[in-house]
1. Using a 1.4 Å probe over the heavy atoms of the protein chains, calculate the carbon and sulfur portion of the accessible area of the stretch 591-681 as a whole percent.
2. Could you list which residues have their amide H under 5 Å from that of Thr552, counting only those 5 or more apart in sequence or on another chain, with H placed in the peptide plane?
3. Taking 0.36 nm per intervening residue step and subtracting the Cα-Cα distance, what contour gain separates Arg728 from Arg215 on full extension?
4. Assuming R0 = 45 Å, what is the FRET efficiency of Val464 and Val440, from their Cβ-Cβ distance, to the nearest 0.05?
5. Might you report the magnitude of the Cβ-based charge dipole of the chain about its Cα centre, with Lys and Arg at +1 and Asp and Glu at -1, to the nearest 20 debye?
6. By how many nm would the segment from Ala453 to Asp150 lengthen if fully extended, with 0.36 nm per residue of separation less the alpha-carbon distance?
7. Using the heavy atoms of the protein chains alone and a 1.4 angstrom probe, what is the accessible area of the stretch 1-53 per residue in square angstrom?
8. Please give the per residue accessible area of the stretch 545-651, computed with a probe of 1.4 Å over protein heavy atoms only, in Å².
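The values are calculated or read from the model by the stated rules, or taken from the named source; none is laboratory data. This is a predicted model, so every value here is computed, not measured. Neighbour counts run over all protein chains shown; Cβ positions are idealised from the backbone, glycine included. In case anyone asks, the SASA skips ligands and DNA or RNA and just uses the protein heavy atoms, side chains included. Shrake-Rupley method; radii C 1.70, N 1.55, O 1.52, S 1.80 Å.
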Amino acid sequence: MPRKTAARRGLLGRALVSLAVLAASVYLLLTVAPRLGLDLRGGTQIVLETHDSPTVTADAAATDRTVEAVRRRVDALGVGEPLLARSGENRIIVELPGVQDPREAIEVIGRTAQLSFHPVVAAEGRTLPGESGRQLPIGPAALAGDGVTDARPATNPQAGPGWTVAVEFTSSAARSWERLTAQAACAAPGDPLRRIAIVLDDKIISSPQVEPETRCGVGMIGDRMQITGQFTQAEARELALLINAGALPVPVDIVEQRTVGPTLGAAAIEDSARAAVIGVALTALFLMVVYWLAGAIAVLALLGYAAVSYAALLAIGATLTLPGLAGFVLAIGMAVDATVLVFERTREERRLRLDRALDKGYRGALSAIVDSNITTLLAAGLLFWLASGPVRGFGVTLTVGVLAALFTTLVLTRVLLHLAARAGLGAHPAPSGLTHEGRVRRWVNRRDPDFLARPRRWLTGAVVAVLVALTGLVIVGPNLGVEFTGGRILEYTVPAGADPGQVRTAVADAGFPRAIVQSSGDTAVTVRTEPLDQPAAERIRTAVAGTTGAATVLRDEQIGPSLGAELRTNALIALGVAVVAQLAYLAIRFDWRLGLATVVALAQDVLLVLGIFTWLGKTMDGVFLAALLTVIGYSVNDTVVVFDRVRELRARRPGNPLPRTVGTAILQTLPRTINTGIGVLFVLTALLVLGDGSLADFALAMLLGLVVGTTTSTITTAGPVAIILNDRHTGAGAR
């Protein structure tokens, strides 16, 4: 009786938690709008890096002041819903939704705009280039730009052709202006010393003469003046904007620029949504075919998972990016993995009553579920810690997805299964799909568990595969994306049938012979070059359009060499820390030999994916890094499940030789490996077939990782390495 009461209380508690979480999720879904990243809604992202000035150190405080100055400039541009944030101590991320032509934004945002007013002095003074290129000697600044209260473009026929900028001073600045002009008025009309040099960022933009009627020692009285210089309307507007926004406290360089067209963003959302629907539908059908009513209950729980994880992203204000959407779809596979693990453990207890078999199945699967999800969380945490931009968004989405998968499997699915058992499925359990072995388990039961008795034979095949991968990395060399090398990548929509060879010739004739031109699908062309300025990028677009008939910018990304080197270093650090973190965790949770064998297997999986991508000529960029770290998580997941069973079997039958124990563990967990792999395979195949560009490459990397990580590395590498290490440690001889 006490046991039944405790079971009822546990069921009631889980049911109430499920209802509360689902209700909160529905509320968030109905009331909170998602925040889409620029790669989904289109726009421009600019990353600025601050540097020390002669008087100011570019520390975090100076960078924060620079953020506010840049914010004023962005607001003056009229961009809707911009996002500005400091990243690290000396980087600023600026996101401008909807901005497709970033030339004006780059010009306005990136200028320091140090405005000052100087007297023109004798030749021994500091010289700066004037309006006509002639050098003018100037004295110390007599008035700084912070004394200006307002600046606006204007026309003044008396000042000559072109536009001017009308400036208003503060009262104290007006007195400084009066003293400055009073000194200059002492020079004769026409004398250069009668001029006032107006300097912006160490360049004289205007040097007007003091009016002839202004008397020496009196100066120009008032708080207004005009900057002349035969500006165009756009130039006058930009100069007024810079003056009003104020100078940047420290100089900045643009180290990264990305522009995504709205068409590409809409296509990415459509492709991801279609892949999610088709992949989940196929996964749901597969679960119901294999697990019958239990599979149907799992499908309902997966719908709950989708709602909970998406609502959690809305609750924390996460920005949804293209890799984030891929991570969201991928995390569905994580939820399937945990559910299948429980179902297979329940099938092993099929001789018991259904509710008791479910309880034992959950208890038996709990340690493997926790261990495998913690290893995935380690990879997601590294993405958030070391990555930036969209890839960091992938880490956030994957973290939320893993936590939601744990809730779905351990709470929601368990509640639904127990309610179904109490509603009559317990009395007639056959339709549940959990009371029979299944085809895979029947096949497994006929296999000999001593197939790892000669571990070196299995390891030889793995070594050969790794050598082939390393050969590709050495001979062909990895094709690193601009994120890791620095450079600019431009993607254009062109009419169908465009010849990449002709486009390559046209781009070379335009002055870019080293540019790499590739076709991206039937109606897109990608041009990859060294870092370029905006006029050079426009020349490339003109060359592409001249060859194909039309060229619309789909994507424009530029990474500075210093940032590319930093991102490349961070990627290597991420991989290294991932290996160390996995080894540390597994050494704590398992025997050190099993932990080391797991790390060797995941290193093999990483090398194989890198090698295959190299042989295929695929680009390795930030999204690929996200896929690679997720492959590490998947690889460790499968090995952890097997070694968790090894730990259980060794405790139950300590006298069995390790090769037989490992072989038995692999065979017993094989139904979970196959069923989970097929479920994830549906989702990834949908992403590969329906996606394009980086989304398809992400799916390809994940598919390769799925094949080598969940179907071969445990058998050919992790198991044999663990056996060899154990034999050497105990003195036995491994064959």
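1. 66
2. Thr493
3. 174.7 nm
4. Values: r = 28 Å, r/R0 = 0.62.
E(calc), rounded to 0.05, equals 0.95.
5. Result for the chain is approximately 4520 debye, rounded to the nearest 20.
6. 100.7 nm
7. Values: 3190 Å² over 53 residues.
Normalised by residue count, the accessible surface of the stretch 1-53 is 60 Å².
8. 33
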